[in-house]
Amino acid sequence: MPVPPKYAKPSKAVAAGRRRFLTGTGAAAALALSGGLAGVATADGRARGRERRDPFTLGVASGDPLPDGVVLWTRLAPEPLEPYGGMPRSAVQVEWQVAEDERFRRVVRAGSATARPEYSHTVHVDVRGLRPWRHYHYRFRVGGQLSPVGRTRTAPSPGTEVPALDLAFASCQNWTAGFYPAHGDLAARDHDVVFFLGDYIYENPIPVDGGARGQQVPAEVGVDCVTLDDYRLRYALYKQDPDLKAAHAAAPWVVTLDDHEVENDWAPRDSAEWVVRQANAFRAYWEHMPLRWDRLPQGPDLPLYRRLAFGRLAEFSVLDTRQYRSHADGGWRAPDADTLDPARTLIGQAQERWILDGLGASSARWNVLAQQVLMMPTDAAAGAAQSVAMGTWSGYSASRDRVLGGLHERGVDNLVVLTGDVHANFAGDLRRDFGDPSSPVVGSELVCTSISSDGDGADADDWTRTILAENPHVAYANHERGYVSCRITPREWTAHYRVADTVTRRDAAVRTRKSLVIGNGVAGIRD
Amino acid sequence: MTTMHRRTKVLAGAGAAALLVTSLAGAAFAGEWGGRGGGPGHHSVVALSAPGRVAAAPPLPCLSSSFGVGLTNTSDEPVFADLDLAVEAPLSLSRRVLSTYLPAADAGYTAGAEVEVRMPRDTAPGSYLATLSLDGEPAQRITVEVAPLPERGPDANLALGEQAYASSTHSNVRLCGGVDGNTDSAQWGASGTHDATSGVFPDTYGVNLAESATVGRVELYTLDSARYPAARMGLRDVDIQVHTAEGWRTVEEVRGNEAGHITAAFAPVLADRVQVVTYDSNDHKYSRIVELEVYAS
């Protein structure tokens, strides 16, 4: 028999936000604009004939900020671990509001979106007409029920000077491996934007006892995700996590995917089974991410790589290193003729050109690639032997040479590459030729560890010590769980490596393990 | 048996919704929000393949029954399809929904799934109706015929189909493979079982009897085929134990075994569990059990 669904209670902050809204006089006035006050007035659940189950169990989110807009997301799922989230096969109108204040006294945009069953009753509202570089608050309403309030921020106007940008980047949140104290910390700090670099879900079977979480889960998640309902259920499980919901509600996210959103390391893309699995995975990914409609996958094709700018301060090229790569196995070994083969590519010719053309024309102070896999080699074999990860740029060194060489030739300033995937913190210099310590530094790479994947780690271990010893371009290594919080100014980029004491407890402390600085126009990373 | 399911326009009828068993939980939402149309918007033709009749095993915890379903797109455009599966209580299914992308017909692709039928021990023998709906419309009925519990006469194998347990189970085999009534080592992969801890002993494999019963004989079959002889792959050092009101009692100690079949006969006792503790196997890796049988005498 299926285990009854478990519900994550809303976090205290979210619950408090909702109470505040329900009692605020400004709130009532705002609601009057769109009617339906009867359902709201009795928040105790006794309203006549009204649906009283909370449909917003998976929280709210915003993403891909533009100077005039942001995309707002939610999903109606009153019973998130039941088929279709407990929703019927009919479309539902969802009202939304965007306000300048968290009490919704100054609502600046409002409207209605259709949550359709074929998209798991998710909504993706592309709100426009907002003012640049402003904080906004948003919420949804359906029937008489209000969503938690989310906070977001638009991007600055093109060409404007921006004194500072606070961003976080993170990756790899295996639910089974532990809790998300890093997300709780990420939500509590004031970030203008969050980049999530992939492995948002893991497709592998989850044990009935929930693994490290010790939470009973339905037998239906004890499978490898293959079908669309399998992937949808996995997102529904992950997105009930209160710290993940808080992180989404705190700032706009810019997401890209890595392998586990479909399958570890991805199979060669030549079977019908794979095409169907990928189409199912991509559909569920788009449904559950704050992505615009122009990113809706067409079967097994998901248009994901894109560019976002923050005034003159920074331009972010968000890459897709999975869909267009020549196949490789996922192991670690020495580079060979295959990895050097110029016909092989990690990102496809079109994306390579798009990077070089875009960054070549950029006038931003910081030029950022937000992407998945290690760009610099991290040789993990002591001595003369070499062992690098074949699934990273080191398995496609000709592709890396074309990108780094092309950016160097074009004189791209202040190149910073943000990376996830490897479940370890690193920082290092991107050299034109990693085999030659005297070759020019063309950029910096900052690598975030996992939010939870692999469970608790260590500040240093044999693996990180070997990598530091073997790779002179690697300036920092750490093997704990966490994320990276950055402050970017025209003068310098400061990266704070935030690590959790443990992921065995939801309330574990998170602290800065290391802070590193990249100076404007200065090659290399310093303490 | 194949049912063609044609859908040319969005259907929002209340009758279809009522038949969609899996969305009954959402009925309150439908009442509040329904009737706005919208529907799934599939303008596709999807073929469903499923059996019309499933002969299910008796309702014992370690005997399982399943049936296959398949979805095939017969149109020129790729589509997504939702198959909902429901069955009359007290039966339940391992999968209540199968939603999937289906490439266009020229791909010749069928999305298939194996659906396990589960039922409690007190399920009455007889016919139970399973209902399959495709994109919200009833598509096929399956008659699940549940066999009666086996007669438990004085010669009955009391372990057959009862709940097995193990210190660990390798992902290539099934926990229940050692109490499924199949003693044939040639069908080892599908019908046997072993631990997940290569080279680590002891390993425990046992069965909870339905109720306390007189136990006087245990028959233990280990892997012994032409390809995998017991002398090379079978259990070597084992204790056979029964659980009585006083606790565990070892009724047989076997050391250096190289045979495929071990019999332990002992003075009958009242027991509610029987288990095999393996201290070594002949390849010193896994504890391979084809079948564990328990008799009164």
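The values are calculated or read from the model by the stated rules, or taken from the named source; none is laboratory data. Worth saying up front: this structure is predicted, and the values here are computed from it rather than measured. No Cβ is skipped: glycine too gets one built from the backbone with ideal geometry, and neighbour counts run over all protein chains shown. With ligands, DNA and RNA removed, areas are computed over all heavy atoms of the protein, side chains included. Shrake-Rupley method; radii C 1.70, N 1.55, O 1.52, S 1.80 Å.
Tabulated results
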| quantity | calculated |
| --- | --- |
| Most to least accessible of A:124, B:243 (protein chains only, probe 1.4 Å) | B:243, A:124 |
| Proximal charge balance of residue A:457 [Cβ under 9 Å; K/R count +1, D/E count -1] | -4 |
| Rounded if a/c under 1.5, otherwise prolate or oblate - the stretch A:166-526, Cα gyration tensor axes | rounded |
| Karplus (6.51, -1.76, 1.60) ³J(HN,Hα), θ = phi - 60°, over the stretch A:315-330, in Hz, Gly and Pro reported as x | 10, 10, 9, 8, 9, 10, 9, 10, 6, 10, 7, 5, 6, 8, 6, x |
| Förster radius 35 Å - calculated FRET efficiency between residue B:75 and residue A:494, Cβ distance, rounded to 0.05 | 0.05 |
| Of B:86, B:56, B:107, the one that fluctuates the most in a GNM where chain B has Cα springs shorter than 10 Å | B:107 |
| Amide hydrogen neighbours beyond the local backbone of residue A:431, cut-off 5 Å, H modeled | A:442 |
| Computed [θ] at 222 nm, helices only, for the protein assembly as shown once each DSSP H run of length n ≥ 4 contributes -39500 (n - 2.57) | -4500 deg cm²/dmol |
| Förster-model FRET efficiency, 30 Å R0, residue A:385 and residue B:198, C-beta, rounded to 0.05 | 0.60 |
| Cα centroid separation - the stretch B:181-219 against the stretch A:461-514, whole Å | 49 |
| Ranking by accessible area, most exposed first, for A:452, B:64, B:171 with a 1.4 Å probe | B:171, B:64, A:452 |
| Amide proton proximity set for residue A:253, modelled H, under 5 Å, gap of 5+ | A:62, A:63, A:64, A:194 |
| In nm, spacing of pseudo-spin labels at residue A:271 and residue A:520 (7 Å Cα→C-beta vector) | 5.4 |
| Pairwise label distance in nanometres, residue A:108 with residue A:293, each label 7 Å out on the Cα-Cβ vector | 2.3 |
| Chain A, accessible surface, carbon-and-sulfur percent (1.4 angstrom probe) | 50 |
| Most positive-pole-ward Cα, A:463, A:183, A:127, against dipole of chain A from beta carbon charges | A:127 |
| GluC sites (Glu not before Pro) within the stretch B:143-236: DSSP coil, no more than 10 neighbouring Cβ in 10 Å | B:151 |
| Heavy-atom accessible area per residue - chain B, 1.4 Å, Å² | 43 |
| Cα shape, the stretch A:198-274, gyration tensor, a/c 1.5 rule | oblate |
| Kirkwood Rh (inverse of mean 1/r, distinct Cα pairs), the protein assembly as shown, angstrom | 29.4 |
| Cα gyration tensor shape for chain B, rounded if a/c is under 1.5, else prolate or oblate | prolate |
| GluC sites (Glu not before Pro) restricted to DSSP loop in the stretch B:249-297 with at most 14 other C-beta within 10 Å | B:258 |
| Accessible area of the stretch B:163-295 belonging to carbon and sulfur atoms, whole % at 1.4 Å probe | 46 |
| Inter-label distance, nm, simple model (7 Å from Cα along the C-beta direction), residue B:214/residue B:110 | 5.2 |
| Solitary cysteines of the protein assembly as shown, where the nearest other Cys Cβ is not under 4.7 Å | A:172, A:225, A:448, A:486 |
| Charge tally in the Cβ shell below 13 Å around residue A:375, where Lys, Arg are +1 and Asp, Glu are -1, residue A:375 excluded | 0 |
| GluC sites (Glu not before Pro) restricted to the stretch B:58-127 and DSSP loop, no more than 13 other C-beta within 10 Å | B:88 |
| Buried area at the A-B interface (accessible, heavy atoms, 1.4 Å probe, summed, Å²) | 3100 |
| Largest-first ordering by accessible area, 1.4 Å probe, given options A:53, B:121 | B:121, A:53 |
| Span from the the stretch B:263-289 Cα centroid across to the the stretch A:279-307 one, whole angstrom | 54 |
| 1.4 Å probe accessible area per residue over chain A, in Å² | 34 |
